[in-house]
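Note sheet for the following structure.
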Amino acid sequence: MSTAGRFIVVVLFDGVDLLDVTGPPEVFALLRRELGEASGYRVALAAETMDPVTTSAGVRILPDTTFQEVAGRSIDTLLVPGSVEVDERGRVRAVADPAVVDRVRTLAATARRVASVCVGAHILADAGLLDGRRATTHWSTARQLADEHPSIEVDADPIFIRDRDVWTGAGISSCLDLSLALVADDFGEAVALRVARQLVMYLKRPSGQSQFSVPLEPVSTTRRIEDLRHYITRNIAEQLTVADLAEQAHVGERQLTRIFKTELGMTPAAYIESARVEVARNRLESTDDTLERVATVCGFNTTDTLVRAFRRKLDTTPTEYRNRFRASSTV
(Lines give C-alpha, C1' and ligand atoms only; values in the text may rest on other atoms or scores of the structure.)
Protein backbone atom coordinates (compact mmCIF):
# COMPACT_ATOMS: atom_id res chain seq x y z
CA MET A 1 0.00 0.00 0.00
CA SER A 2 1.35 3.42 -0.92
CA THR A 3 2.19 5.64 2.02
CA ALA A 4 2.76 8.83 0.04
CA GLY A 5 1.37 11.86 1.78
CA ARG A 6 0.37 10.22 5.04
CA PHE A 7 -0.59 13.08 7.30
CA ILE A 8 -0.20 12.49 11.05
CA VAL A 9 -1.84 14.98 13.41
CA VAL A 10 -0.82 15.12 17.08
CA VAL A 11 -3.36 16.86 19.30
CA LEU A 12 -2.00 19.58 21.61
CA PHE A 13 -3.60 21.24 24.63
CA ASP A 14 -2.43 22.82 27.87
CA GLY A 15 -1.31 20.31 30.48
CA VAL A 16 -0.63 17.54 27.95
CA ASP A 17 2.05 15.01 28.90
CA LEU A 18 5.28 16.00 27.15
CA LEU A 19 6.56 12.53 26.17
CA ASP A 20 3.14 11.64 24.77
CA VAL A 21 3.64 14.44 22.29
CA THR A 22 7.35 14.14 21.48
CA GLY A 23 7.80 10.34 21.52
CA PRO A 24 5.81 9.34 18.41
CA PRO A 25 7.30 12.04 16.12
CA GLU A 26 10.77 10.83 17.08
CA VAL A 27 9.86 7.31 15.93
CA PHE A 28 8.52 8.65 12.64
CA ALA A 29 11.65 10.78 12.18
CA LEU A 30 13.85 7.70 12.61
CA LEU A 31 11.70 5.93 10.04
CA ARG A 32 12.55 8.68 7.55
CA ARG A 33 16.21 8.14 8.39
CA GLU A 34 15.82 4.45 7.53
CA LEU A 35 13.74 4.90 4.39
CA GLY A 36 14.44 8.43 3.27
CA GLU A 37 11.44 10.36 2.02
CA ALA A 38 9.79 7.08 1.03
CA SER A 39 7.92 7.01 4.32
CA GLY A 40 5.62 9.81 3.23
CA TYR A 41 4.87 10.61 6.88
CA ARG A 42 4.22 14.27 7.60
CA VAL A 43 3.68 15.12 11.27
CA ALA A 44 1.87 18.24 12.44
CA LEU A 45 1.18 19.38 16.00
CA ALA A 46 -2.29 20.89 16.10
CA ALA A 47 -3.84 23.06 18.82
CA GLU A 48 -6.79 25.39 19.24
CA THR A 49 -4.61 28.42 18.43
CA MET A 50 -1.04 29.03 17.35
CA ASP A 51 -0.09 30.18 20.84
CA PRO A 52 2.52 28.12 22.74
CA VAL A 53 1.08 25.15 24.64
CA THR A 54 2.42 24.48 28.14
CA THR A 55 2.90 20.77 28.82
CA SER A 56 2.66 19.03 32.19
CA ALA A 57 6.46 19.20 32.42
CA GLY A 58 6.36 22.98 32.10
CA VAL A 59 7.98 22.84 28.66
CA ARG A 60 6.22 24.98 26.08
CA ILE A 61 5.56 23.68 22.57
CA LEU A 62 4.69 25.68 19.48
CA PRO A 63 1.87 24.21 17.37
CA ASP A 64 2.37 23.75 13.63
CA THR A 65 -1.26 24.37 12.81
CA THR A 66 -4.72 24.78 14.34
CA PHE A 67 -7.61 22.37 14.70
CA GLN A 68 -9.63 24.56 12.37
CA GLU A 69 -6.99 24.38 9.64
CA VAL A 70 -6.75 20.58 9.68
CA ALA A 71 -10.46 19.93 10.19
CA GLY A 72 -11.19 19.79 6.48
CA ARG A 73 -8.13 17.77 5.52
CA SER A 74 -7.75 14.03 5.08
CA ILE A 75 -5.86 12.73 8.11
CA ASP A 76 -4.06 9.41 8.00
CA THR A 77 -3.39 9.05 11.73
CA LEU A 78 -4.81 11.13 14.56
CA LEU A 79 -2.65 10.80 17.69
CA VAL A 80 -4.28 11.84 20.96
CA PRO A 81 -2.05 12.28 24.03
CA GLY A 82 -3.42 12.67 27.54
CA SER A 83 -3.24 14.63 30.75
CA VAL A 84 -3.71 13.87 34.44
CA GLU A 85 -4.26 15.69 37.69
CA VAL A 86 -2.98 14.55 41.07
CA ASP A 87 -4.83 15.37 44.29
CA GLU A 88 -3.36 16.13 47.70
CA ARG A 89 -3.31 12.42 48.56
CA GLY A 90 -1.29 11.56 45.46
CA ARG A 91 -4.21 9.97 43.61
CA VAL A 92 -4.00 10.23 39.83
CA ARG A 93 -6.99 11.04 37.67
CA ALA A 94 -7.19 11.51 33.91
CA VAL A 95 -8.70 14.77 32.71
CA ALA A 96 -10.37 15.48 29.39
CA ASP A 97 -11.27 19.04 28.40
CA PRO A 98 -14.73 18.94 26.72
CA ALA A 99 -13.50 21.39 24.07
CA VAL A 100 -10.60 19.06 23.20
CA VAL A 101 -12.97 16.09 23.19
CA ASP A 102 -15.19 17.86 20.67
CA ARG A 103 -12.22 18.65 18.45
CA VAL A 104 -10.99 15.05 18.57
CA ARG A 105 -14.44 13.75 17.67
CA THR A 106 -14.53 16.02 14.63
CA LEU A 107 -11.00 15.24 13.46
CA ALA A 108 -11.47 11.49 13.96
CA ALA A 109 -14.28 11.54 11.41
CA THR A 110 -11.77 12.26 8.64
CA ALA A 111 -8.91 10.09 9.94
CA ARG A 112 -8.00 6.65 8.59
CA ARG A 113 -7.01 5.54 12.07
CA VAL A 114 -6.99 7.03 15.55
CA ALA A 115 -4.51 6.26 18.33
CA SER A 116 -4.36 7.41 21.93
CA VAL A 117 -1.20 7.60 24.00
CA CYS A 118 -1.38 6.74 27.70
CA VAL A 119 -4.38 8.47 29.32
CA GLY A 120 -5.36 9.96 25.99
CA ALA A 121 -7.74 6.98 25.89
CA HIS A 122 -10.03 8.95 28.21
CA ILE A 123 -10.38 11.64 25.55
CA LEU A 124 -11.24 9.01 22.95
CA ALA A 125 -13.72 7.49 25.36
CA ASP A 126 -15.44 10.80 26.07
CA ALA A 127 -15.63 11.36 22.31
CA GLY A 128 -17.47 8.05 21.94
CA LEU A 129 -14.70 6.53 19.85
CA LEU A 130 -14.12 3.54 22.15
CA ASP A 131 -17.72 2.44 22.66
CA GLY A 132 -18.00 -1.31 22.17
CA ARG A 133 -14.25 -1.68 21.76
CA ARG A 134 -11.41 -3.20 23.75
CA ALA A 135 -8.96 -0.57 24.98
CA THR A 136 -6.08 0.07 27.35
CA THR A 137 -4.68 3.05 29.20
CA HIS A 138 -2.19 3.75 31.96
CA TRP A 139 -2.74 1.30 34.82
CA SER A 140 -3.31 4.14 37.30
CA THR A 141 -6.45 5.34 35.48
CA ALA A 142 -7.76 2.04 34.09
CA ARG A 143 -10.35 1.72 36.85
CA GLN A 144 -11.54 5.26 36.19
CA LEU A 145 -11.93 4.49 32.48
CA ALA A 146 -13.89 1.31 33.19
CA ASP A 147 -16.15 2.99 35.77
CA GLU A 148 -16.91 6.02 33.59
CA HIS A 149 -17.39 4.04 30.36
CA PRO A 150 -18.93 0.61 31.04
CA SER A 151 -19.42 0.04 27.29
CA ILE A 152 -15.64 -0.19 26.86
CA GLU A 153 -13.78 -3.45 27.53
CA VAL A 154 -10.85 -2.04 29.50
CA ASP A 155 -7.73 -4.19 29.71
CA ALA A 156 -4.87 -2.56 31.63
CA ASP A 157 -2.38 -5.35 30.95
CA PRO A 158 -1.14 -4.92 27.35
CA ILE A 159 1.27 -2.20 26.33
CA PHE A 160 -1.16 -1.34 23.55
CA ILE A 161 -4.33 -2.66 21.95
CA ARG A 162 -5.61 -2.42 18.39
CA ASP A 163 -9.35 -2.71 17.84
CA ARG A 164 -9.91 -2.27 14.13
CA ASP A 165 -8.98 1.31 13.23
CA VAL A 166 -8.58 2.53 16.81
CA TRP A 167 -5.39 1.98 18.81
CA THR A 168 -4.84 2.68 22.50
CA GLY A 169 -1.52 2.72 24.37
CA ALA A 170 -0.74 2.17 28.03
CA GLY A 171 2.07 3.88 30.00
CA ILE A 172 3.79 7.05 28.87
CA SER A 173 6.93 5.32 27.56
CA SER A 174 4.80 2.82 25.64
CA CYS A 175 4.11 5.61 23.14
CA LEU A 176 7.27 4.28 21.48
CA ASP A 177 5.90 0.72 21.35
CA LEU A 178 2.62 2.04 19.96
CA SER A 179 4.39 4.13 17.33
CA LEU A 180 6.54 1.16 16.31
CA ALA A 181 3.38 -0.89 15.93
CA LEU A 182 1.93 1.76 13.62
CA VAL A 183 5.14 1.64 11.57
CA ALA A 184 4.95 -2.17 11.48
CA ASP A 185 1.35 -1.94 10.31
CA ASP A 186 2.38 0.33 7.44
CA PHE A 187 5.80 -1.05 6.48
CA GLY A 188 6.13 -4.49 8.07
CA GLU A 189 7.93 -5.83 11.11
CA ALA A 190 11.41 -5.80 9.55
CA VAL A 191 11.33 -2.05 8.98
CA ALA A 192 9.86 -1.41 12.42
CA LEU A 193 12.65 -3.49 13.95
CA ARG A 194 15.25 -1.34 12.20
CA VAL A 195 13.68 1.73 13.81
CA ALA A 196 13.50 -0.06 17.16
CA ARG A 197 17.22 -0.74 16.99
CA GLN A 198 17.86 2.97 16.50
CA LEU A 199 15.87 3.53 19.70
CA VAL A 200 17.78 0.69 21.44
CA MET A 201 14.47 -1.11 21.92
CA TYR A 202 13.09 -4.54 21.15
CA LEU A 203 10.07 -4.74 18.93
CA LYS A 204 7.86 -6.28 21.59
CA ARG A 205 4.73 -6.94 19.60
CA PRO A 206 4.24 -7.34 15.86
CA SER A 207 1.08 -5.67 14.64
CA GLY A 208 -2.00 -7.86 14.88
CA GLN A 209 -0.38 -10.40 17.21
CA SER A 210 -0.95 -11.08 20.88
CA GLN A 211 1.02 -8.92 23.27
CA PHE A 212 4.51 -10.36 23.61
CA SER A 213 5.41 -8.94 26.99
CA VAL A 214 4.36 -9.43 30.56
CA PRO A 215 1.90 -6.72 31.68
CA LEU A 216 3.52 -3.58 33.02
CA GLU A 217 3.29 -3.89 36.77
CA PRO A 218 2.00 -1.01 38.93
CA VAL A 219 4.49 0.38 41.39
CA SER A 220 3.55 -0.51 44.95
CA THR A 221 3.33 2.14 47.62
CA THR A 222 4.78 0.15 50.50
CA ARG A 223 8.36 -0.84 51.19
CA ARG A 224 7.19 -4.28 52.34
CA ILE A 225 5.84 -5.21 48.91
CA GLU A 226 8.83 -3.74 47.12
CA ASP A 227 11.13 -5.85 49.31
CA LEU A 228 9.07 -8.93 48.48
CA ARG A 229 9.25 -8.22 44.77
CA HIS A 230 13.05 -8.04 44.98
CA TYR A 231 13.06 -11.23 47.06
CA ILE A 232 10.99 -13.01 44.38
CA THR A 233 13.35 -11.86 41.64
CA ARG A 234 16.43 -13.02 43.55
CA ASN A 235 14.86 -16.42 44.25
CA ILE A 236 12.92 -16.92 41.04
CA ALA A 237 14.27 -20.47 40.55
CA GLU A 238 13.13 -21.59 44.01
CA GLN A 239 9.78 -23.12 44.89
CA LEU A 240 8.21 -19.91 46.16
CA THR A 241 4.94 -20.26 48.04
CA VAL A 242 2.52 -17.87 49.70
CA ALA A 243 3.67 -19.27 53.04
CA ASP A 244 7.30 -18.46 52.17
CA LEU A 245 6.44 -14.89 51.25
CA ALA A 246 4.25 -14.40 54.31
CA GLU A 247 7.08 -15.56 56.53
CA GLN A 248 9.49 -13.24 54.73
CA ALA A 249 7.11 -10.30 55.25
CA HIS A 250 6.24 -11.29 58.84
CA VAL A 251 2.49 -11.38 58.14
CA GLY A 252 -0.16 -14.05 57.84
CA GLU A 253 -0.95 -15.66 54.50
CA ARG A 254 -4.40 -14.08 54.27
CA GLN A 255 -3.03 -10.66 55.10
CA LEU A 256 -0.30 -11.09 52.49
CA THR A 257 -2.90 -11.94 49.85
CA ARG A 258 -4.93 -8.87 50.78
CA ILE A 259 -1.82 -6.68 50.57
CA PHE A 260 -0.89 -7.99 47.12
CA LYS A 261 -4.42 -7.49 45.80
CA THR A 262 -4.53 -3.96 47.16
CA GLU A 263 -1.05 -2.92 46.07
CA LEU A 264 -0.60 -4.83 42.81
CA GLY A 265 -4.12 -5.90 41.87
CA MET A 266 -3.23 -9.60 41.84
CA THR A 267 -2.60 -12.53 44.14
CA PRO A 268 0.94 -13.47 45.23
CA ALA A 269 0.78 -16.61 43.08
CA ALA A 270 -0.25 -14.61 40.01
CA TYR A 271 2.58 -12.14 40.59
CA ILE A 272 5.15 -14.94 40.95
CA GLU A 273 3.98 -16.47 37.67
CA SER A 274 4.18 -13.11 35.91
CA ALA A 275 7.70 -12.56 37.22
CA ARG A 276 8.75 -16.01 36.05
CA VAL A 277 7.29 -15.47 32.60
CA GLU A 278 9.19 -12.19 32.33
CA VAL A 279 12.49 -13.87 33.19
CA ALA A 280 11.72 -16.74 30.81
CA ARG A 281 10.84 -14.29 28.04
CA ASN A 282 14.19 -12.55 28.41
CA ARG A 283 16.10 -15.86 28.35
CA LEU A 284 14.26 -16.98 25.23
CA GLU A 285 15.25 -13.71 23.54
CA SER A 286 18.88 -13.66 24.61
CA THR A 287 20.10 -17.25 25.12
CA ASP A 288 20.13 -20.64 23.42
CA ASP A 289 18.88 -22.40 26.55
CA THR A 290 16.63 -25.38 25.95
CA LEU A 291 13.05 -25.10 27.14
CA GLU A 292 13.91 -27.54 29.90
CA ARG A 293 16.72 -25.25 31.06
CA VAL A 294 14.52 -22.15 30.86
CA ALA A 295 11.81 -23.88 32.87
CA THR A 296 14.30 -24.88 35.55
CA VAL A 297 16.09 -21.56 36.02
CA CYS A 298 12.81 -19.65 36.04
CA GLY A 299 11.17 -21.84 38.67
CA PHE A 300 8.63 -23.58 36.43
CA ASN A 301 10.43 -26.91 36.89
CA THR A 302 8.73 -28.58 33.89
CA THR A 303 8.28 -27.48 30.29
CA ASP A 304 4.55 -28.20 30.52
CA THR A 305 4.22 -25.67 33.34
CA LEU A 306 6.24 -23.16 31.33
CA VAL A 307 4.06 -23.63 28.25
CA ARG A 308 0.83 -23.27 30.23
CA ALA A 309 2.09 -20.05 31.84
CA PHE A 310 3.03 -18.56 28.46
CA ARG A 311 -0.38 -19.40 27.06
CA ARG A 312 -2.12 -17.76 30.03
CA LYS A 313 0.01 -14.64 30.11
CA LEU A 314 1.03 -14.09 26.48
CA ASP A 315 -1.39 -16.19 24.45
CA THR A 316 1.50 -17.98 22.73
CA THR A 317 4.02 -20.74 23.45
CA PRO A 318 7.70 -20.37 24.41
CA THR A 319 8.76 -21.89 21.08
CA GLU A 320 6.48 -19.59 19.06
CA TYR A 321 7.75 -16.62 21.03
CA ARG A 322 11.41 -17.51 20.45
CA ASN A 323 10.89 -18.27 16.74
CA ARG A 324 9.10 -15.01 16.12
CA PHE A 325 11.71 -12.97 17.92
CA ARG A 326 14.61 -14.66 16.14
CA ALA A 327 12.90 -14.37 12.77
CA SER A 328 12.67 -10.61 13.27
CA SER A 329 16.17 -10.23 14.64
CA THR A 330 17.79 -11.85 11.62
CA VAL A 331 16.34 -9.36 9.13
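Note on the chain: dipole from Cβ charges, positive end direction compared against 81, 106, 195; the farthest Cα belongs to 195. Taking every protein chain into account, the 1.4 Å probe leaves residue 257 with about 40 Å² of accessible area, to the nearest ten. Which percent of the accessible heavy-atom area of the chain goes to carbon and sulfur, probe 1.4 angstrom? Answer for the chain: carbon and sulfur cover 48 percent of the accessible area. A 1.4 Å probe run over region 1-145, with the rest of the protein chains in place, finds 43 Å² accessible per residue.
Phi angles across region 147-153 convert, under the Karplus curve 6.51 cos²θ - 1.76 cosθ + 1.60 with θ = phi - 60°, into 3J(HN,Hα) values of 5, 7, 9, x, 7, 9, 8 Hz, Gly and Pro given as x.
Normalise the Debye intensity by I(0) for region 6-82, one equal point scatterer per Cα, no solvent, then take log10 at q = 0.22 Å⁻¹ and round to two decimals. Treating every Cα as an identical point scatterer, log10 I(q)/I(0) equals -0.99. Can you tell me how region 44-158 classifies by the Cα gyration tensor, rounded, prolate or oblate, using a/c under 1.5 as the rounded cut? It comes out oblate by the Cα gyration axes.
Determine the shape class of region 152-194: with a ≥ b ≥ c the square roots of the Cα gyration tensor eigenvalues, call it rounded for a/c under 1.5, and otherwise prolate if a/b is greater than b/c, oblate otherwise. It comes out oblate by the Cα gyration axes.
The values are calculated or read from the model by the stated rules, or taken from the named source; none is laboratory data. Since the structure is predicted, the reported quantities are computational estimates derived from the model, not experimental observations. Because the Cβ atoms are built from the backbone with ideal geometry, glycine has one as well, and the counts that use them run over all protein chains shown. Ligands, DNA and RNA are excluded from the accessible area calculation, which covers all protein heavy atoms including side chains. Shrake-Rupley method; radii C 1.70, N 1.55, O 1.52, S 1.80 Å.
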